[in-house]
Amino acid sequence: MEFNFPPNYPESFPVVKELDFKIPSTFHRNPDKNLCLCTPVEQYLIFSKEPTLNNFIINLLNPYLLSWLWYERYNKMPWGERKHGSMGIIESYQELLNLTSSKHTIRFMDNFIYNRFHFRLECPCGSGLAYRRCHEKTIDNLEMFLPKKQLIYDFLCIMERLI
C-alpha cells in the first residue's frame, strides 16, 4: 500500500494505492486508480471527527480491505455497496437525510446550498409537512458536521454527471 498525503492534510484526506496487484483493479477504485474507500461525504464525516492516520486506517481503510476479503471469499459485499459515481453520492445523502428518492435528495442539496429552507413552507422532501416539523433538525445536525464547501463539491459532481 502507498499512502499519499495532500499538501493541505488534514483538511484533505490521504489517498491509498494498492501496489501489489492483490486487489483487482475492478474492485472499488477511483478513476485515478486510488482505492475508493467510500463516498466523499462519508469519508468527510468519518475523517473530520478525528483527522489522524489511525482513524483513517481503522475506520476507512480497514473496512475497505475487509470488504474486499469478504467479497473475494463469498462473492458479495458484507455491508452492501453504493453505486459508483454520482449515484453513490446521491445514495449517501439520501441515507444521511433519511429520504426515499434521488429527486428529493437533489432538491434538498440545492435548497441547503442556497439557504432556501423556510420554516413554514412545505419541506422539500415531499412529505407535505412544514419544513420545521419535518427535516429542520436533520439539516441543523448536518450543518454542524458538514461544511457547505463539501456539499457544494458533491452537488457539482452530481450535476456535472447528470447534465
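Coordinate-derived values only; no laboratory data. Because the structure is a prediction, the values reported are computed rather than measured. Please note: Cβ atoms are built from the backbone with ideal geometry, for glycine as well, and neighbour counts cover all protein chains shown.
Applying a threshold of 9 Å to beta carbon distances and a minimum spacing of six or more residues, or different chains, the list of pairs starting in region 112-127 at a residue that is under 16 Å from Gln94 (Cα atoms) and ending at one that is assigned to a loop (DSSP other than H, G, I, E, B) and hydroxyl-bearing (Ser, Thr, Tyr) reads Cys125/Thr100; Cys125/Ser101; Gly126/Thr100; Gly126/Ser101.
Filtering region 128-147 to residues that are hydroxyl-bearing (Ser, Thr, Tyr) and in contact (Cβ under 8 Å) with a residue 40 or more places away in the chain leaves only Thr138. Determine if region 148-161 includes at least one residue that is without any contact (Cβ under 8 Å) to a residue 40 or more places away in the chain and not in a helix (DSSP H, G or I). No, every residue in region 148-161 fails to be without any contact (Cβ under 8 Å) to a residue 40 or more places away in the chain and not in a helix (DSSP H, G or I). The residues on offer are Leu37, Leu60, and the sole one that is in a loop (DSSP other than H, G, I, E, B), aliphatic (A, V, I, L, M) and surrounded by 15 or more Cβ atoms within 10 Å (Cβ to Cβ) is Leu37.
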